[in-house]
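The values are calculated or read from the model by the stated rules, or taken from the named source; none is laboratory data. This structure is a prediction, so every number in the text was calculated from the model and none was measured. Note that we place each Cβ from the backbone using ideal geometry, even for glycine, and neighbour counts take in every protein chain shown.
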Amino acid sequence: MPVGRVTWVAALLACGRVPVDPGPGPGPGAPVLQLVSDKLNSPIFVTAPPGDTARLFVVEQGGRIRVLRHDTLLSTPFLNIAGHISAGGERGLLGLAFHPAYAGNGRFYVYFTTPAGDIRIARYLVTANLDIADSASGDTVLTVAHRSESNHNGGMLVFGPDGKLYAGLGDGGGGGDPFDNGQNRKALLGKILRLDVDGASPYAIPPDNPFVGDTGARGEIWLYGLRNPWRFSFDRLTGHLYIGDVGQSAWEEVDVLSAGAPGGGNYGWNQMEGKHCYAASSCPVPGLILPVLEYAHGQGCSVTGGYVSRDGSVPDLLGHYLYGDYCGGWVRSFRYVGAQAADPRDWPALSVSGGLSSFGEDARGRMYVTTLAGNLYRIVSQP
């Protein structure tokens, strides 16, 4: 998670910009930010259950999930597990994913750090009051030891187009991956996992995961060689997987796995940082997958991965993958064409202050931005 690396005030003073196409100005039809709420406490993610067009669910780092119904913030949290987590720096309640069949089974999944500092994914159930979850219903799906360092906890949960639950775990923290988790396929840290939460309790390993049957690897692993994949998403039209992987001290990166491509890819950390050598003596290292986009720390400090816009009400963004930087507060985009990042754009009217903690989507596909300072914005077209 980016929030523990630097304070956002100091970071904003240090971050620069890159010369890319600024895109349309803030004239009619241009993408702009619409404030939805400024009453949140360290919001770090926003989402909605499938088909629920009336509500937004906002994750607050301190341990609460808040509900907005028709943009009105409800006073009672949907879930409050503040007493069961550790929060602060890069720890806290970090992720939320609703089961694809949530309307029928009421199941949702959260990602948090325990009081001991471990990473935990847990399943909860909604009550008969659809705006309040059953806080006593929590069942642990997976716990991963993470006690040596407090940073690089990851935090993203999302159900893929295949109905499997994907989870992004950081490398275990400390500078340079001192525990060598990124390249260790027997460790779950520094990976994106793929779990079948319907096939068994608490989960089954999908038989088509890349390391099933490999005694030198964990079967849960889908991708490895990641440092801190704080936010990633699937394009709701194509199924491509976009990953914003937070860098060490020099380079931030965005990786893409095309729909239908097999898992098992090695994205390089800690042998490489972006397209550059880190622990490796010469680069590129054979067999590693390079990012489709990188930017240097003169332009920011911590990438915040976003989404491919499929919101027809903001036509200037259609087909563009939006991403930002936590420190710089800027938002940029590119289109993924021919396995490359094409048509890069800068969107000054979408820039924020206060720490760009996350992007999110609602059930309609409209896109949102959260800031650690407490704001939730919707991306809309300028009237």
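Worth a mention:
- Test for D139: is it part of a strand (DSSP E or B), touching a residue at least 24 places away in the same chain (Cβ under 8 Å) and either over 19 Å from L68 (Cβ atoms) or among the polar types (S, T, N, Q) (or both): yes
- Scanning the range 64-114 for residues that are crowded, with 22+ Cβ neighbours inside 10 Å, in a loop (DSSP other than H, G, I, E, B) and within 17 Å of the chain's Cα centre (by Cα) yields E90, G92.
- Qualifying residue in the range 197-217 (condition: free of Cβ contacts under 8 Å to residues at least 60 places away in the same chain, surrounded by fewer than 18 Cβ atoms within 10 Å (Cβ to Cβ) and in contact with a strand residue (DSSP E or B) (Cβ under 6 Å, 6 or more places away or on another chain)): yes
- Total residues in the range 35-63, condition buried (at least 16 other Cβ atoms within 10 Å of the Cβ) and more than 19 Å from F359 (Cβ to Cβ): 2
- Condition met for L40 (of a type outside the set (S, T, N, Q), in a loop (DSSP other than H, G, I, E, B) and touching a strand residue (DSSP E or B) at 6+ places or on another chain (Cβ under 7 Å)): yes
- Unmet criterion (only one of (1) of a type in the set (S, T, Y); (2) surrounded by 17 or more Cβ atoms within 10 Å (Cβ to Cβ); (3) without any contact (Cβ under 8 Å) to a residue 60 or more places away in the chain) for Y321: (3)
- For the range 181-194, a residue qualifies if it is within 15 Å of A145 (Cβ to Cβ) and part of a loop (DSSP other than H, G, I, E, B), and the qualifying residues are N181, N184, K186, A187, L188, L189, G190.
- L237 vs. criteria closer than 19 Å to G360 by Cβ, in contact (Cβ under 8 Å) with a residue 24 or more places away in the chain and surrounded by fewer than 20 Cβ atoms within 10 Å (Cβ to Cβ): yes
- Failed item, numbered, when N266 is tested on (1) within 23 Å of A339 (Cβ to Cβ); (2) surrounded by fewer than 24 Cβ atoms within 10 Å (Cβ to Cβ); (3) in contact with a His (Cβ under 9 Å, 6 or more places away or on another chain): (3)
- Tabulated pairs, the range 285-296, first free of Cβ contacts under 8 Å to residues at least 24 places away in the same chain, second surrounded by fewer than 18 Cβ atoms within 10 Å (Cβ to Cβ) and outside any strand (DSSP E or B), C-beta under 8 angstrom, 6+ apart or interchain: L290/K275; L290/P284
One line per residue, one yes/no per condition, for (1) closer than 17 Å to R231 by Cα; (2) basic (K, R); (3) surrounded by fewer than 17 Cβ atoms within 10 Å (Cβ to Cβ); (4) at pLDDT 95 or above:
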residue: L288; (1), (2), (3), (4): no, no, no, yes
residue: G305; (1), (2), (3), (4): yes, no, no, yes
residue: A349; (1), (2), (3), (4): no, no, no, yes
residue: S353; (1), (2), (3), (4): no, no, yes, yes
residue: E361; (1), (2), (3), (4): yes, no, no, yes
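Yes or no, residue by residue, for (1) under 27 Å from P49 (Cβ atoms); (2) in contact with a helix residue (DSSP H, G or I) (Cβ under 9 Å, 6 or more places away or on another chain); (3) not in a strand (DSSP E or B):
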{"residue": "Q248", "(1), (2), (3)": "no, no, yes"}
{"residue": "S313", "(1), (2), (3)": "yes, no, yes"}
{"residue": "S333", "(1), (2), (3)": "yes, yes, no"}
{"residue": "A341", "(1), (2), (3)": "no, no, no"}
{"residue": "S353", "(1), (2), (3)": "no, yes, yes"}
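- Inter-residue pairs, beta-carbon under 6 Å, first farther than 18 Å from G172 by Cβ and touching a residue at least 24 places away in the same chain (Cβ under 8 Å) and in the range 109-126, second among the aromatic types (F, W, Y) and assigned to a strand (DSSP E or B), 6+ apart: R123/Y109; Y124/F108
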